[in-house]
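Since the structure comes first, as structure tokens, the remarks are kept for the end.
The values are calculated or read from the model by the stated rules, or taken from the named source; none is laboratory data. It should be emphasised that the depicted structure is a prediction, and the values quoted were computed from it without experimental measurement. Please note: Cβ atoms are built from the backbone with ideal geometry, for glycine as well, and neighbour counts cover all protein chains shown. Surface accessibility is based on the protein's heavy atoms, side chains included, excluding ligands, DNA and RNA. Shrake-Rupley method; radii C 1.70, N 1.55, O 1.52, S 1.80 Å.
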Amino acid sequence: MKRVLITGAAGFLGSHLCDRFIKEGYHVIGMDNLLTGSLSNIEHLFPLEQFEFHHHDITKYVHVPGELDYILHFASPASPIDYLKMPIQTMKVGALGTHNMLGVAKAKNARILVASTSEVYGDPLIHPQVEEYWGNVNPIGPRGCYDEAKRFLEAITTAYRTYHKVETRIIRIFNTYGPRMRVNDGRVLPAFFSQAIRGEGLTVFGDGSQTRAFCYVDDLVEGIYRLLLSDYHLPVNIGNPDEITIKEFGEEVLKLVGNPKSKLIYKDLPKDDPKKRRPHIAKAQEILGWNPTVDREEGLKRTYEYFKTVVKVPETV
Ligand code: UDP
């Protein structure tokens, strides 16, 4: 049985990866310090012999007994509100944590896939974003702690590949959504769904003309799986190129949830909020044969089913 170590295993993406690799017949070793992850995302795996969990902070020395075939390094706070609240932990896990995981990969002779992000492109000056673009990042802005940590992650991963000959894969993840996103993580989708379910105003930042392109989590996981098993070591964008303004996105959530008490309300735009974002995915299509398969209508329906079960509606008196 092949053995895979997944960091950030109790998080949104990490927990879906655990499920996928269990399904593929791997022995999965999940690791998380539970700073932003939650055991409720993986508690269904605890009875399985195929799964083990280590409550550990990977910025400290990482010890994993036994052999490893693969490492998926997904540990990090990942929403702007989280990394604004925890800038130092964000930098430490992206830098020291990544260094430790590369060290484990080298010691175990394991292939490692590291999670990078569209944030390495910053507030992009070219559109859609191709992998060759170097980005437009403010190192001292509110997003700097995350963006620069992920840029360091790419650089040190490249150094371990060229100097130590570690087998590495780098994915640049664009906005992704689905069940198990944390209700209060501050990102636009959990915010809009919980506000619409509670009958509150949906907080559109700025005039809502900024764009994002949202990928359903199962599609992202498929892209990660294919990239891990491919022989391509340069960064690959994975995301759904179906771009939408945040205002239109709010209108779609309003329509789906159908709560007459909700409407769009407008708040200040946070500093350095990227104006446009859409992945160029020709590499993923050509190298991995990957394409997104779940459209937003279907993905939002599935995600709504999840949020209905976890959003608490205050009782009216
Ligand atoms: N946003 C919003 N209302 C919210 C939360 C976010 O209008 O309650 C906007 C935010 O300003 C950004 C977009 O939605 O333009 C996506 O934000 P998110 O935090 O989900 O992720 P980002 O793509 O900015 O990392």
### Query
Can you tell me which of Ile197, Ile238, Ile244 is within 27 Å of Phe74 (Cα to Cα), out of contact with any strand residue (DSSP E or B) (no Cβ under 6 Å at 6 or more places or on another chain), touching a residue at least 40 places away in the same chain (Cβ under 8 Å) and more than 10 Å from the ligand (Cβ to nearest atom)?
Ile244
### Query
Which members of the stretch 278-290 meet the condition of being touching a Phe, Trp or Tyr at 6+ places or on another chain (Cβ under 9 Å) and not in a strand (DSSP E or B)?
Arg278, His280, Ile281, Lys283, Ala284, Ile287, Leu288
#### Entry: Index of the failed condition, Pro279 passing every other in (1) away from the ligand (no atom under 15 Å from the Cβ); (2) touching a Pro at 6+ places or on another chain (Cβ under 7 Å)
(1)
### Summary
Residue set Tyr70, Tyr83; condition of a type in the set (Ser, Thr, Tyr), within 16 Å of the ligand (Cβ to nearest atom) and surrounded by 17 or more Cβ atoms within 10 Å (Cβ to Cβ); output residue Tyr83
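Select from the stretch 291-317 the residues that are charged (D, E, K, R), surrounded by fewer than 15 Cβ atoms within 10 Å (Cβ to Cβ) and assigned to a helix (DSSP H, G or I) and list them in ascending order.
Glu297, Glu298, Lys301, Glu305, Lys308
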### Summary
Checked against (1) open to solvent by less than 30 Å² (accessible area, probe 1.4 Å); (2) away from the ligand (no atom under 14 Å from the Cβ), Ala155 satisfies every condition except (1)
### Query
Which condition number does Arg161 fail, the rest of (1) open to solvent by 40 Å² or more (accessible area, probe 1.4 Å); (2) of a type outside the set (Gly, Ala, Ser); (3) under 19 Å from the mean Cα position of the chain (by Cα) being met?
(3)
### Query
Can you tell me which residues in the stretch 17-40 are over 20 Å from Pro65 (Cβ atoms) and surrounded by fewer than 22 Cβ atoms within 10 Å (Cβ to Cβ)?
Asp19, Arg20, Lys23, Glu24, Gly25, Leu34, Leu35, Ser38, Leu39, Ser40
### Task
Go through the stretch 200-235 and give me each residue that's among the aliphatic types (A, V, I, L, M) and free of Cβ contacts under 8 Å to residues at least 24 places away in the same chain.
Leu229
### Task
May I ask you to list the residues in the stretch 185-220 that are of a type in the set (Val, Ile, Thr) and open to solvent by 10 Å² or more (accessible area, probe 1.4 Å)?
Val188, Ile197, Thr203, Thr211
### Query
How many of the residues in the stretch 267-277 are surrounded by 17 or more Cβ atoms within 10 Å (Cβ to Cβ) and assigned to a strand (DSSP E or B)?
0
### Considering residues of the stretch 247-266 that are within 15 Å of the ligand (Cβ to nearest atom) and more than 21 Å from Ala213 (Cα to Cα) only, the residue surrounded by the most Cβ atoms within 10 Å (Cβ to Cβ)
Ser262
